[in-house]
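Values quoted throughout were computed directly from the atomic coordinates according to the rules given, and no laboratory measurement underlies them. Everything quoted here is computed from the prediction, not taken from an experiment. Every residue, glycine among them, receives a Cβ derived from its backbone with ideal geometry; neighbour counts consider all protein chains shown.
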Amino acid sequence: MELQLGLSLPSTPIFPFKMLDLNSYGYELREGLGPFGINVNNNCDSCSSSCSSSSSGGADDGGGGTKKRRLFDEENRIVPKTLPLLFWTNQRPNDEDEPKDVDDHSSSAIFKNDGEGLVGWPPVKAWRKKVRRRVANVRAAVENSCGGRASSSTYVKVKMEGNAIARKIDISLHHSFESLTTTLMRMFDISDENGQKSFKLTYLDREGDWLLAEDVPWRTFIGSLKCIKLIRSRC
Amino acid sequence: MQKKTAYSFPDEILEHVFSFIQSVKDRNAASLVCKSWYEIERWCRRKIFVGNCYAVSPTMVIRRFPDIRSIELKGKPHFADFNLVPDGWGGYVLPWISKMAGAYPWLEEIRLKRMVVTDESLELVAKSFTNLQVLVLFSCEGFSTDGLAAIAAGCKNLRELDLRDSEVDDLSGHWLNHFPDTYTSLVSLNISCLGSDDVSFSALERLVGRCPNLRRLLLNREVPLDKIANLLSRAPQLIEFGTGTYAAELRSDVYSNLAEAFCNCKELKSLSGFWDAVPAYLPVIYSVCSRLTSLNLSYAPIQNPDLTKLVSQCPSLQRMLVLDYIEDSGLEVLASSCKDLQELRVFPSDPFGEEPNVSLTEKGLVAVSSGCPKLQSVLYFCRQMSNAALVTIAQNCPNFTRFRLCLLDPKIADYRTLQPLDVGFGAIVEHCKDLRRLSLSGLLTDCVFEYIGMHAKKLEMLSVAFAGESDLALHHVLSGCESLRKLEIMNCPFGDKALLANAAKLETMRSLWMSSCSVSLGACKMLGQKMPRLNIEVMDEKGPPDSRAESDPVDKLYIYRSVAGPRFDMPPFVWTMDEDFASELS
């Protein structure tokens, strides 16, 4: 219980409340609809089915969003554009006048939770969300024998033999061994002439084995890469 | 001044009597008896809890209570946990630390929740409170490992350092090295939130090795599995342990070392961590299972049958946190094995997926409610519910103190009857007379709020989302729930009427949060004008409210009582509706 603030209450309510007459105060709520044009009545079959469809990624709803925004501007006038509820798909199907522009992702920008649906719902702590993504990815990686990253981060650790300090690189920026090798040489200050010859690129794969990168295709490498080590070439 | 009669106690006796009164609530009550009790009490109060850091100013606290040794402060509203409060909102602890530095040099305990803590604040803490024993930063942010280094170096008497769920800028794992070699008093360390894989493991090992009183150790994810055996062998006296990542290639030496290490921890009662857990290493904890009273597997992607098998070995469990991989079948096993269970939390493994990925329904919760007579606290995420199930649960568990149900589809109806879930939640509030905390979800009309207002007389915190049809709902809650302290509402069609009609009620509560509802700017201004002891904060990232019409609904509204007046550290997107604001525009 918090600090006792010693407040005394007024003996009568500031605004005496008798019968709550919902039709006579402030702006009207439209018949049977909440302020966002969403059907809040009991028979919510349409509600629940469209709710589940609207919980999918925001990016997919980008096109439909533009359409809905205009609807609200014209009909309700009261809903600010940034409210994510605008992008629920629970809409009456009588306004097909605009072509669905699937390339328009501007509306998905207002999803503050990385396009994962309604803001704040379900109420999972941000901390857990990050962890959960990684957990799900670990599971996916275990289930898939190819592809799938063990964690949602694209950074992998890189060590060089003889060098105590490990570095990290963003593997998603590279699409070939050439670009990766060039970056690594630059990172560890290996000159071009000797570099190619005196160092070999090895990596730890998901199974825990150290493999030579040159032995595998790029896709395989990327798919099971956990971390990289540059070792001195013995030959 | 109180006239001293032959019957009045000398102050010293009263002070001695008060020293037995630890509960803040009782202390508050005692201080209101008369002026002399107020005076005596305030001089001998040592522990203070400020549920909303903006409800009072540090100066006022220091003026009333000159000798505090333990302080707990809370900052941001609860919905900040779900990204509903934009960055920069507030909750800064520095002003408190700065003022307390001079006033409370003997401060021993600082507990902060949802506050912005900077390295500067931590450095000031380390410098000013040489006797600091407890530092808990729960869901805090704004600081880095540099600040932690200052604490480690400066707080020679630190017993407890708990960073649970905080966001820490990991600059360097070497902050642990800043605990001097002579430092041996650590009792509890929770670094589970740290992300850096550069945490100096050798420093951690040495620290653990030289602190014989260490009872609680929660590691961060980056500590590999093969290092745990060593750590545990240095601290066999641990009562609570959180592993790091629990995945590794199965190697018999690692396995047997781990099993032996766990076996030697004869007092271990609580386990957590288990990130990325693989089933292969689960049996190493079997020797501990029979003693476990608390098990947190909510980061472990283990599924049945391994998960259920593990649970079935823990008959003493009182607290269980798990992902929905446990499924109904696992919960049935839990119900039959764990008769002492008091708290259950089931988290969603795939909260944003459209289709269910596991077979977890209302049946699991019904089973636990039926099998575990001591069940008091529930947090349950699932995809379907029925009124019948909720009624059964309510009848099985009249002792519920906390009931939070989260249906992943927020407006889903009773899946069997397609009716709203009013009756089910109504049964919860009717049967559970001691219910203090309730979170609703699913399709709900005004009816459920009528039930809540009628029955939930001990309810202190209510969370509502996507529910109700009209202001009547809000009115039922505000007028009926006598013990209500915190009310948080998102996406409900509640507007001005209920709020204005129950304005006085708001002064009896800690706070009210309403986002994406229908409260108009005009109503906020009116409240701001008429209720000077409430701070009415309107949050809107689109622009200042005076650019809009009075009837426009506000995006987010946060109302809280305060004796400190409006705050001055608001970011550009927060406006206080106080008398000045209202008069500027009229």
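Report, by chain and number, residues whose modeled amide H sits under 5 Å from the one on B:Leu297, excluding near sequence neighbours (fewer than 5 apart, same chain).
Hits under the 5 Å cutoff: B:Leu321, B:Val322.
Provide the gained length on full extension for the span B:Phe568 to B:Gln22, in nm with one decimal, where the gain is 0.36 nm per separating residue minus the Cα-Cα distance.
That works out to 193.2 nm of additional length.
How high is the FRET efficiency between B:Arg46 and A:Trp210 when r is their beta carbon distance and R₀ equals 56 Å, given to the nearest 0.05?
0.45
Output the direction-averaged projected area (hull surface divided by four) of the convex hull of the alpha-carbon atoms of region B:110-235, in nm².
Average projection, Cα convex hull of region B:110-235: 6.4 nm².
What percent of all Cα-Cα pairs in chain B falls into each 10 Å bin, going from 0 up to the bin containing the maximum distance?
Computed distribution, short to long bins: 3, 15, 22, 26, 22, 10, 2, 0.
Kindly provide the helix-only [θ] at 222 nm of chain B, computed as the sum of -39,500 (n - 2.57) over DSSP H runs of four or more divided by all residues, to the nearest 500 deg cm²/dmol?
It comes out at -9000 deg cm²/dmol, rounded to the nearest 500.
Limiting things to C-alpha atoms, what are the Rg and the maximum Cα-Cα separation (Dmax) for region B:495-585, in angstroms?
Taking only Cα atoms of region B:495-585, I get Rg and Dmax of 11.8, 32 Å.
Based on the Cα coordinates of region B:374-420, what is the per residue volume of their convex hull in Å³?
70
Using a cut-off of 9 Å between beta-carbons, work out the net charge of the residues near B:Ser463 (Lys and Arg +1, Asp and Glu -1, B:Ser463 not included).
Taking every other residue near B:Ser463 into account, the sum is +2.
Looking at region B:82-176 from every direction and averaging, what is the projected area of its Cα convex hull in nm²?
The orientation-averaged projected area of the Cα hull of region B:82-176 comes to 5.7 nm².
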